[in-house]
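Asker: Below you will find the structure I want to go over with you.
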Amino acid sequence: MKVYIVKDADKQSAIEKVKIAYANDVGKELVWTYDTQGKPISGSCNLSISHTSGVYVLAVSDRGVGVDIECQSRHISPKLGDIRLWTQKEAYAKMLGTGLTREIVNSFDGDDRVKTFDVDGKYWLSTCSDDERVEIQRL
Amino acid sequence: MTFEKLVEIIANVMNLDKSTLTMETSFKDDLNADSLDVVEIIMEVENEFGVEISDEEIVNYNTIGDVVRSLDENI
């Protein structure tokens, strides 16, 4: 999967940067729309998007994919674990396409398809996919 | 009563001034709440009100009013 990370840009600019980078990498145009749940859908590939203050992330793969990014310093109720684990749950839920069910929130305990990265010592980024290759690009 | 309790919870979770919250306030559009915010709010609501809210119901909670009406129906 390709993961594009754009920092310090508004959403529109981030999207433009990603599209240009993708076209450069793959030689095709990346086009997507959103379903009623806000999930990005594309005819030609699978996508997942996440953004939090200051950063926008888009992951694309021909397998199902989920991605989530959060600030490491973000407060989270201790009943929910820690924010790193939270990004894993979100990425997992997004890959499944179910959204965060109560079951995932309460019982998710890790999954081999989940990878977590520390971005700049500031963010946790988790990806979840059967696609084992993760190519991260900073734009 | 329900409304007051609920905005207290929301203001707490999201670090907001509760006087800015109304029945029409949309979690996503007005408060920029993401899934973590929603899960934390629901958790506190379940705790405070002694109810259990299903995943199906949560999907329909767009505004504070939606939650208030749902809680009032259950009590």
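Asker: With charges set only on the Cβ (+1 for Lys and Arg, -1 for Asp and Glu), what does the dipole of chain A come to about its Cα centre, in debye to the nearest 20?
Answerer: In total the dipole reaches around 240 debye.
Asker: Also: In a shell of Cβ-Cβ distance under 11 Å around residue A:123, excluding residue A:123 itself, what net charge do Lys and Arg (+1) and Asp and Glu (-1) give?
Answerer: Value of the local net charge: 0.
Asker: Defining a contact as two alpha carbons under 8 Å apart and six or more residues distant in sequence, what relative contact order in percent does chain B show?
Answerer: 40 percent
Asker: With Cβ to Cβ distances under 12 Å as the rule, what net charge do the other residues near residue A:139 carry (K, R +1; D, E -1)?
Answerer: Combined, the nearby Lys, Arg, Asp and Glu give +2.
Asker: Shifting gears a bit: Compute the angle between helix A:83-96 and the longest alpha-carbon principal axis of chain A, please, reported from 0 to 90 degrees and rounded to the nearest 10.
Answerer: Approximately 60 degrees, to the nearest 10.
Asker: If you look for lysine pairs in chain A that are eight or more places apart or on different chains, how many of them have Cα atoms under 13 Å apart?
Answerer: Taking the Cα cut-off of 13 Å, the pair count is 7.
Asker: Name the residues whose placed amide hydrogens come within less than 5 Å of the amide hydrogen of residue B:31, ignoring near sequence neighbours (fewer than 5 apart) on the same chain.
Answerer: Counting only residues 5 or more places away or on other chains, the set is B:26.
Asker: Can you give the net charge of the other residues whose Cβ lies under 9 Å from the Cβ of residue B:18, counting K and R as +1 and D and E as -1?
Answerer: After counting each charged neighbour, the total is -3.
Asker: Around residue A:64, which amide H atoms from residues at least 5 apart in sequence, or from another chain, sit under 5 Å from its own amide H, with H modelled in the peptide plane?
Answerer: A:130
Asker: How far, in degrees from 0 to 90, does helix A:11-26 lean away from the longest principal axis of the Cα atoms of chain A, to the nearest 10?
Answerer: 60 degrees
Asker: Treat every Asp and Glu Cβ in segment A:9-78 as -1 and every Lys and Arg Cβ as +1, leave all other atoms uncharged, and give the resulting dipole magnitude about the Cα centre to the nearest 20 debye.
Answerer: The calculation lands at about 20 debye.
Asker: Would you work out if the protein assembly as shown is rounded, prolate or oblate? Take a ≥ b ≥ c from the square roots of the eigenvalues of the alpha-carbon gyration tensor; rounded if a/c is under 1.5, else prolate when a/b is larger than b/c, oblate otherwise.
Answerer: Here the protein assembly as shown falls in the prolate category.
Asker: Output the relative contact order of segment A:33-83, whole-number percent, from Cα pairs under 8 angstrom with separation of 6+ residues.
Answerer: Relative contact order of segment A:33-83: 25 percent.
Asker: State which helices in chain B qualify, where a helix is a whole DSSP H run, it must extend 15 Å or more along its own axis by its Cα atoms, and its mean Kyte-Doolittle hydropathy must be at least 0.0.
Answerer: Once both thresholds are applied, what remains is B:2-14, B:35-49.
Asker: Please name which of A:123, A:106, B:62 has its Cα lying farthest along the dipole of the protein assembly as shown towards the positive end, using unit charges on Cβ (Lys, Arg +1; Asp, Glu -1) and the Cα centre as origin.
Answerer: Highest projection toward the positive end goes to A:123.
Asker: With the cut-off at 1.5 for a/c, could you classify segment A:60-139 from its C-alpha gyration tensor as rounded, prolate or oblate?
Answerer: Oblate shape, in that a/c is at least 1.5 and b/c is the bigger or equal ratio.
Asker: May I pose another question? Based on Cβ point charges of +1 for Lys and Arg and -1 for Asp and Glu, what charge dipole magnitude is obtained for segment A:47-97 about its Cα centre, in debye rounded to the nearest 20?
Answerer: The calculation lands at about 120 debye.
Asker: Going by a ≥ b ≥ c, the root eigenvalues of the Cα gyration tensor, does chain B fall in the rounded group (a/c under 1.5), the prolate group (a/b larger than b/c) or the oblate group?
Answerer: Note, shape of chain B comes out rounded.
Every number here is computed from the coordinates shown, using simple stated rules; none is lab data. Quick caveat, the model's predicted, so the values are computed rather than measured. FYI the Cβ positions are ideal-geometry reconstructions off the backbone, even for glycines, and counts take in every protein chain you see.
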